[in-house]
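Following: one structure in structure tokens, then a few remarks.
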Amino acid sequence: MNQPSSHPLALSQILGACPHDCPDTCSLLTTVQDGVAVKVQGNPAHPHTAGSLCTKVSRYPERTYHPERLLHPLKRVGPKGSGQFKPVSWDAALSDIAARLSSIAARDPQAILPYSYAGTMGLVQGESIAARFFNKLGTSQLERTICAAAGGEGLVQTLGGKVGMRVEFFAESKLILIWGSNSVSSNLHFWRYAAQAKRDGAKLICIDPRKSETAEKCHEHIALLPGTDGALALGLMHELIQHDWLDPDYLDRYTLGWDALQARALQWSPERAAAVCGIAPEQIRALARDYGACAHNGQPAAIRMNYGLQRVHGGGNAVRLIASLPALIGAWRHRAGGVLLSNSGAFPVQRAALQRPDLLAGRKPRSINMVTIGNDLLRAGSPEFGPAIEALVVYNSNPVAVAPESAKVAQGFARDDLFTVVLEHFQTDTADYADYLLPATTQLEHWDVHSAYGHTDALLNRPAITPLGEAKPNTWIFRELAARMGLTDPCFADSDEALCRQAYGDAVDFDALLQHGFVTLPMLDAPFALGNFPTPSGKCEFFSERLAAQGLDGLPDHVPNHEVAHSASAYPLAMISPPARNFLNSSFVNVKSLQASEGEPLLEIHPLDAAARQIADGDTVCVFNDRGDYHCRAHISARARAGVVNGLGVWWRKLGLNGTNVNQLTSQRLTDLGHGPTFYDCLVEVKKSEICRQVDRGNHGN
Ligand SMILES: Nc1nc2c(c(=O)[nH]1)N[C@H]1C(S)=C(S)[C@@H](COP(=O)(O)OP(=O)(O)OC[C@H]3O[C@@H](n4cnc5c(=O)[nH]c(N)nc54)[C@H](O)[C@@H]3O)O[C@H]1N2
Ligand SMILES: Nc1nc2c(c(=O)[nH]1)N[C@H]1C(S)=C(S)[C@@H](COP(=O)(O)OP(=O)(O)OC[C@H]3O[C@@H](n4cnc5c(=O)[nH]c(N)nc54)[C@H](O)[C@@H]3O)O[C@H]1N2
Ligand SMILES: [Mo]
């Protein structure tokens with residue numbers, strides 16, 4: 001059943017893995033008929049996938065055979081950014097790219113920047129030959145921070161790693177706090193476990209500024225202001241302490257810094273916290289009663305955090321505070337208690353074998369933060385910065401659409417003296433700026449191996465069909481470039497199957513992966529029941545010596561947003577831009593059936609905020625701040641709380657009403673920890689606009 005068949009008229013089913021940046025990492029079953037993938041479904045034999053997929057990924061054949069799929073290498077013929085290309089042969093494209101990169105590298109390889117993220121999460125198509133290639137050249141390194149950096153750092157500083165509860169045990173919890181996560185839309189297979197717990201009598205509480213699809217299905221919804229989660233967590237701690245709803249034995253044995261954290265939390269009365277959060281103090285008291293009751297009755301209380309809450313200035317500290325909560329009540333004693341943000345740290349990925357940092361041979365190239373690509377592309381060379389960026393090689397990412405402050409990003413990509421190579425499936429906003437646009441294979445066409453961050457199974461992806469047109473895997477493209485640039489290390493010759501084996505080395509049974517498509521990692525059911533946190537102290541670190549040694553506050557605190565809403569401001573509304581259900585970041589936006597489900601770029605606005613601006617439902621509005629403006633359709637909706645507008649993301653700019661998307665408004669400022677982005681820390685104003693789609697289409701082409 002696993003082998004692609006070359007027999008004509010044959011029907012086969014191939015085991016694969018969903019490549020997308022989502023906690024669920026589903027096991028896929030692709031039905032291939034006459035060499036054509038006719039159906040992609042969830043593998044019923046994989047416990048977390050349980051035979052079901054989200055709507056997006058069930059449309060994978062539509063995406064793969066999309067009429068606009070890139071099938072041949074293309075070379076720019078029009079002005080930068082015009083998106084005008086002509087087909088060229090692979091040989092011509094690769095030879096010219098190799099020559100251009102070689103001449104830049106001969107002067108200073110750091111003038112070359114790779115830019116990639118999670119278009120595929122595959123360890124092979126993501127970070128193998130490409131990483132070796134850039135390491136060998138000694139190019140600038142990319143600080144890959146655009147998603148999870150603040151939360152990841154918060155978790156590492158508190159629990160010691162990106163580790164937490166096993167997701168399946170949420171089904172047995174009696175209280176689940178869903179914190180900064182629209183699970184129904186972005187973590188569907190976790191929601192299945194939460195729904196099971198709910199049927200078995202658990203209480204579900206959603207903490208989210210937006211009344212999301214998930215908030216609707218929970219018993220309670222706490223609609224706090226964006227970026228105030230740290231204050232809420234401190235207010236909650238205050239109440240747990242005041243009522244003695246604690247587990248003193250757990251605190252004593254397995255935590256570090258409790259006295260100091262306690263003193264800080266006692267400064268956060270529910271009234272003070274509620275004022276910061278824009279909610280009623282009673283909501284904090286009730287939350288504490290529910291959480292504390294679990295401590296008291298010995299019932300498991302679980303927290304599902306997701307990355308939604310850490311895309312603000314204080315995101316790292318907020319994650320530190322929330323990750324501390326289970327230790328206060330000893331929730332970790334039970335396998336259905338504790339917190340899960342990510343379990344990616346549990347995977348034994350052999351990064352050094354895959355990426356070969358030894359190829360740097362002692363060089364220490366600079367790092368460029370992917371979040372500030374807008375500024376950095378526009379920087380001149382200088383002693384502090386190093387050389388100006390002269391060449392960009394983009395793969396697995398669409399920075400012109402997804403990076404903040406996109407006017408600057410687009411301006412940088414439009415530089416005539418920048419040489420840009422883009423590896424893509426489609427002509428995205430970023431691809432429009434390429435000098436060479438190279439067609440990449442999709443998950444149905446290549447090998448890969450996947451870790452997950454929302455469960456603890458490793459997955460294998462086999463190719464189900466032969467590559468369409470002249471599309472090639474990322475690995476092939478970097479191998480060919482290496483050969484043309486005279487990089488002769490044997491590691492560039494490793495095949496994709498060999499790389500799949502190297503990804504986990506002996507730590508995962510590769511034969512089992514080949515046979516079943518997934519392997520469950522060995523892990524304790526209740527990993528921190530007896531402490532054993534992977535921190536330096538082995539304890540849950542409320543106080544972090546490591547942060548203190550960096551001159552930071554060793555103790556977590558509420559860190560206010562960079563942009564705090566107040567009525568006197570020219571931009572009185574806070575804007576968040578969470579994912580639209582049928583898109584995955586900017587992927588799938590061009591898939592017709594999914595685009596039709598989402599309709600148009602939307603701004604959800606509360607009835608009071610709309611009325612104050614004479615905005616009617618369905619009006620075209622201009623959302624603006626000092627960084628730019630974005631036109632979209634207003635949707636007056638109770639999903640938005642007063643004072644907060646929700647600009648659902650992430651549309652392609654060229655499919656928007658005025659050639660921009662929501663990232664025209666977001667800022668390049670960074671988080672407190674981890675140098676992450678602050679997409680949801682963004683003030684705007686909204687007014688009615690006369691721009692309509694038809695007029696605009698004429699102006700913006702594409
Ligand atoms: N359908 C779909 N699924 C996805 C994605 C997608 O684009 N579409 N994206 C994927 C990616 S890249 C990731 S990183 C993961 C995780 O993806 P996340 O982007 O974390 O996805 P959500 O679970 O939607 O979490 C965002 C939620 O956080 C809320 N939120 C915004 N600001 C705050 C805040 O300050 N505090 C709190 N408490 N909540 C806030 C938003 O309203 C939203 O409901 O999911 C992935 N899954
Ligand atoms: N305003 C706002 N901005 C956001 C977010 C938000 O919530 N709000 N979310 C942020 C988050 S959490 C993230 S993770 C980032 C995501 O940012 P990106 O990782 O850039 O994600 P995508 O937009 O999905 O773009 C991935 C691209 O990779 C391509 N691709 C997929 N597979 C392959 C492959 O095998 N080979 C090659 N060469 N290309 C491939 C896809 O076609 C797609 O165009 O966006 C961030 N931007
Ligand atoms: Mo992400």
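With N denoting the number of residues in segment 248-354, provide Rg(C-alpha) divided by 2.2 N^0.38 Å, to two decimal places.
Working: Rg = 16.1 Å, N = 107, 2.2 N^0.38 = 13.0 Å.
That works out to 1.24 for segment 248-354.
Ranked by Cβ crowding within 10 angstrom, fewest neighbours first, how are 132, 479 ordered? If you can, show how the numbers build up before the last one.
On the way: 132 26, 479 22.
The most exposed by this proxy come first: 479, 132.
Going highest first, how would you order 449-455, 315-321, 497-503 by mean Cβ packing within 10 Å? Don't jump to the answer; show the numbers that get you there.
Values: 449-455: 25.7, 315-321: 31.6, 497-503: 19.6.
Ranked from most to least packed, the peptides come out as 315-321, 449-455, 497-503.
Only four residue types carry charge here, +1 at the Cβ of Lys and Arg and -1 at the Cβ of Asp and Glu. Report the dipole size of segment 31-110 about the Cα centre in Debye, rounded to the nearest 20.
Values: 11 positive and 6 negative charges, 58 e Å.
Dipole about the Cα centre, nearest 20: 280 debye.
Determine which lysines satisfy two conditions relative to residue 80: a Cα distance under 22 Å, and not lying fewer than 8 residues away in the same chain.
Those lysines meeting the cut-off are 408, 654.
Search the structure for amide H atoms under 5 Å from the amide H of residue 394, placed 1.01 Å from N in the peptide plane, and list their residues when 5 or more places away or on another chain.
Counting only residues 5 or more places away or on other chains, the set is 115, 421, 422, 423.
Over all pairs of distinct alpha carbons, what does the Kirkwood formula give as the hydrodynamic radius of the chain, in Å? Can you show the working numbers first?
Values: mean 1/r = 0.0384 Å⁻¹.
With all distinct Cα pairs of the chain included, I get 26.0 Å.
Please report, in Å, the Rg and the Dmax of segment 476-625, where both are computed over Cα atoms only.
Gyration radius and largest Cα-Cα distance of segment 476-625: 26.1, 66 Å.
Got a sec? How would 332, 191 order by Cβ neighbour count within 10 Å, fewest to most?
Working: 332 27, 191 24.
Taking fewest neighbouring Cβ atoms as first place, the list is 191, 332.
Near residue 487, within a Cβ-to-Cβ distance under 12 Å, what is the net charge of the other residues, with Lys and Arg +1 and Asp and Glu -1? Don't skip to the end; give the middle numbers.
Working: positive: 132, 136, 356, 479, 484; negative: 480, 489.
Around residue 487, the surrounding residues sum to +3.
Using unit Cβ charges (K, R positive; D, E negative) and no other charged atoms, how large, in debye to the nearest 20, is the dipole of segment 348-424 about its Cα centre? Kindly include the intermediate steps, with their values, before the conclusion.
Details: 8 positive and 8 negative charges, 68 e Å.
Here segment 348-424 has a charge dipole of around 320 debye.
Is the shape of segment 573-700 rounded, prolate or oblate, going by the alpha carbon gyration tensor and its root eigenvalues a ≥ b ≥ c, with a/c under 1.5 for rounded and a/b larger than b/c for prolate?
On the way: a/c = 1.42, a/b = 1.07, b/c = 1.32.
Because its axes are fairly even, with a/c under 1.5, segment 573-700 counts as rounded.
Along the charge dipole of the chain, which of 486, 422, 560 sits closest to the positive end, that is, farthest toward it, with unit charges on the beta carbon of Lys, Arg, Asp and Glu (+1, +1, -1, -1)?
Checked the options; the winner is 422.
Projecting each Cα onto the charge dipole of segment 573-700 (Lys/Arg +1, Asp/Glu -1 at the beta carbon, about the Cα centre), which of 636, 573, 612 comes out farthest on the positive side?
About the Cα centre, the residue reaching furthest to the positive side is 636.
Once the other residues with Cβ under 15 Å from the Cβ of residue 257 are scored (Lys, Arg +1; Asp, Glu -1), what is the net sum?
On the way: positive: 253, 264, 320, 539, 546; negative: 252, 259, 541, 545, 553, 557.
Summing Lys and Arg as +1 and Asp and Glu as -1 gives -1.
Taking 0.36 nm per intervening residue step and subtracting the Cα-Cα distance, what contour gain separates residue 570 from residue 616 on full extension? Please report the intermediate quantities before stating the final value.
Details: separation 46, 0.36 × 46 = 16.56 nm, distance 2.16 nm.
Full extension from residue 570 to residue 616 adds 14.4 nm.
Calculate, in whole percent, how much of the Cα-Cα pair population of segment 635-690 lies beyond 13 Å.
On the way: 1066 of 1540 pairs.
The share of Cα pairs beyond 13 Å in segment 635-690 comes to 69 percent.
What does the charge count near residue 537 come to, summing +1 for each Lys or Arg and -1 for each Asp or Glu among other residues with Cβ under 11 Å from its Cβ?
Values: positive: 539, 546; negative: 541, 545.
Here the count lands on 0.
Let me spell out the model: positive unit charges on the Cβ of Lys and Arg, negative unit charges on the Cβ of Asp and Glu, origin at the Cα centre of segment 11-64. What dipole size does that give, in debye rounded to 20? Numbers along the way, then the final one.
On the way: 4 positive and 4 negative charges, 18 e Å.
In debye, rounded to 20, segment 11-64 gives about 80.
What lysines sit close enough to residue 75 to cross-link, taking a C-alpha to C-alpha distance under 19 Å and skipping anything fewer than 8 places away on the same chain?
Correct list for residue 75: 86, 472.
Can you put 117, 433 in order, fewest other beta carbons within 10 Å first? Before the final figure, lay out each step's value.
Values: 117 23, 433 26.
Going from sparsest to densest Cβ surroundings: 117, 433.
On average over all directions, what projected area in square nanometres does segment 440-518 have, based on the convex hull of its Cα atoms? Don't skip to the end; give the middle numbers.
Working: hull surface 25.2 nm².
Projected area, direction-averaged: 6.3 nm².
Using a basic spin-label model with each label point 7 Å from the Cα along Cα→Cβ, how many nm lie between residue 638 and residue 296?
With each label placed 7 Å out from Cα toward Cβ, I get 3.1 nm.
Based on the alpha-carbon gyration tensor of segment 319-455, what equivalent-ellipsoid semi-axes (square roots of 5 times the eigenvalues) come out, in whole Å, largest first?
Working: eigenvalues 256, 88, 68 Å².
Computed over segment 319-455, the values are 36, 21, 18 Å.
Working out 0.36 nm times the residue gap between residue 38 and residue 352, then minus their Cα-Cα distance, what length gain in nm do you get to one decimal?
Numbers: separation 314, 0.36 × 314 = 113.04 nm, distance 3.78 nm.
This chain segment gains 109.3 nm when fully extended.
Could you work out how much longer the chain between residue 416 and residue 259 gets when fully extended? Use 0.36 nm per residue separation minus the Cα distance between them, nm to one decimal. If you can, show how the numbers build up before the last one.
Values: separation 157, 0.36 × 157 = 56.52 nm, distance 5.81 nm.
Length difference between fully extended and current span is 50.7 nm.
Please report Rg (one decimal) and Dmax (integer) in Å for the Cα set of segment 11-64.
10.6, 33
Every number here is computed from the coordinates shown, using simple stated rules; none is lab data. No experiment lies behind these values; they were computed from the predicted model shown. Heads up, the Cβs are rebuilt from the backbone with ideal geometry, glycines too, and the neighbour counts pull from every protein chain shown.
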